[in-house]
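Just so it is clear, none of the values below were taken in a lab; they were calculated from the coordinates. Not measured: the values here are computed from a predicted model. For neighbour counting, all protein chains shown are included, and Cβ atoms are generated from backbone atoms with ideal geometry for every residue, glycine included.
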Amino acid sequence: MVVESRMEKRTEPALSPLLLAMRGIVKTFGRSRAVDGIDLDVPERAFLTLLGPSGCGKTTVLRMIAGFERPDAGEIRLDNTPLADVPPERRPVNTVFQSYALFPHLTVHDNVAFSLKLRGGVSDIGVRVRRALDAVHMADFGDRYPHQLSGGQQQRVAVARSIIAEPRLLLLDEPLSALDRKMRGHLQIELKALQRRLGIAFVYVTHDQEEAFALSDIVVVMNKGRIAQKADPETIYSRPADSFVADFIGNSTLVEGRIQARHGDRATIETALGTITAPAAEGLAVGDAAMLVIRPELLSMRGEGSATFTGSVGHSVFQGERSMVGAEVGGLALRFPAEAPLSVGTSVALWLDADRSFITRIAA
Ligand SMILES: Nc1ncnc2c1ncn2[C@@H]1O[C@H](COP(=O)(O)OP(=O)(O)OP(=O)(O)O)[C@@H](O)[C@H]1O
Ligand SMILES: [Mg+2]
């Protein structure tokens, strides 16, 4: 049996970097489709983030990978082996949840050791617990109880507990969302460093775009149980696949229009702001309705850019380093950063760096 499976492996194409493959995954609860036909590949050592609004199916995807939920259709393979008949405790996968769920009556050390003790037959538990606590900078806290720790420290222990069994894949479901902004920032940096050091793949769930961008090699934007876009953060930001992604990411203004001309990877779109030529999504053709995506930083009052508009300031919000201003232009509200607050009603001339904006398709 062992020999057979080894031989099977040899016939595989050499060293596929793919760890997890999901194909045609559907999950329905009652009459609602939580996950509606997803294909997803997680390469070895990748930091992949599922990003999307509440209810789009992120947790359900994780629970199916972990084995807590069974897909209605489709297949999940890990190392090219179907997982359907592998129970959760036998999958080389571990999960960190939003609520730390540490055992309150056990010390940090015993919380981390728990799964190894349960499994039995592990001789070097002490060494491994120390190594796991070291990895999350909690080596000095082994004797404490959970209630003697801050939220961030508790979440570090939860991470130590999840890596002690050396999983191939770590699933993290909004692990930092209960923490304050500063602690979240610290732990983001630590988690990313830990992932690199351990060399295992992370599938991370968040609805925080900045967090997704800071951490991920691959961002998967989900919308109503489907994948809207899967790409590196830079591509998601500058080339959103459709108006849903463009709207969800950042503070862009979306301006509807119709494609007038197509020139290679650029197109000319007719909008309420005028006729603008910009890079455009593949497949958009003359006559199609489309969306021009204007990110705030592409607008300036400094006379840099290709398209110009005039408008009047509707609001101006002081944000410290700069102010975020909303101006009305041709019946549209454009947001742009200004060095100082502007008073309402001021008339402004704005330049758009159209070469860095993007024309995308309208989401279904
Ligand atoms: N056990 C369940 N029974 C019924 N409906 C469920 C169940 N679990 C999830 N759902 C529904 O499936 C959809 C997806 O839920 P899921 O928890 O995967 O979303 P999510 O993207 O993780 O959202 P959030 O960001 O709020 O955590 C939601 O509409 C939810 O109400
Ligand atoms: Mg969730």
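The figures follow:
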| item | result |
| --- | --- |
| Residue order, fewest to most surrounding Cβ atoms within 10 angstrom, among I359, I189 | I189, I359 |
| Packing-based exposure ordering (other Cβ within 10 Å, fewest first) of L118, L254 | L118, L254 |
| Length-normalised contact order of the range 16-238 in % [C-alpha pairs under 8 Å, at least 6 apart] | 29 percent |
| Within the chain, helix-based [θ] at 222 nm, where runs of 4 or more DSSP H residues each add -39,500 (n - 2.57), nearest 500 | -7500 deg cm²/dmol |
| Additional length obtainable on full extension of the chain from D39 to A178, 0.36 nm per residue less Cα span | 47.0 nm |
| Under the Karplus curve 6.51 cos²θ - 1.76 cosθ + 1.60, θ = phi - 60°, whole-Hz ³J(HN,Hα) for the range 183-197, x wherever Gly or Pro sits | 4, 4, x, 4, 5, 4, 5, 5, 5, 5, 5, 4, 4, 4, 5 |
| Length-normalised contact order for the range 31-158 - Cα pairs under 8 Å, 6+ apart - percent | 20 percent |
| In nm, spacing of pseudo-spin labels at E89 and S306 (7 Å Cα→C-beta vector) | 6.2 nm |
| Counted charge near R181, where neighbours are those whose Cβ lies closer than 11 Å (Asp, Glu -1; Lys, Arg +1) | -2 |
| Chain lengthening between V344 and D217 when straightened (0.36 nm per residue, less Cα-Cα) | 41.6 nm |
| Relative exposure of K27, K58, judged by other C-beta atoms within 10 Å (fewest first) | K27, K58 |
| In degrees, nearest ten, helix 125-135 long axis to first principal axis of the chain (Cα) | 20 degrees |
| Sites D265 and K117 - FRET efficiency at Förster radius 51 Å, r taken between beta-carbons, to 0.05 | 0.30 |
| Cα gyration tensor shape for the range 243-360, rounded if a/c is under 1.5, else prolate or oblate | prolate |
| Spin-label model distance (nm) - A289 vs L198, 7 Å beyond Cα toward Cβ | 4.6 nm |
| Distance between the range 100-138 and the range 41-90 - C-alpha centres, whole angstrom | 25 Å |
| Amide proton proximity set for F358, modelled H, under 5 Å, gap of 5+ | V293 |
| Net lengthening on full extension, R258/A333 (0.36 nm per residue, minus Cα-Cα) | 25.1 nm |
| Shape box of the chain [Cα atoms, principal axes, largest first, Å] | 73, 50, 41 |
| Neighbourhood net charge (12 Å Cβ-Cβ; Lys/Arg +1, Asp/Glu -1) for L284 | 0 |
| In nm, spacing of pseudo-spin labels at H137 and F318 (7 Å Cα→C-beta vector) | 3.3 nm |
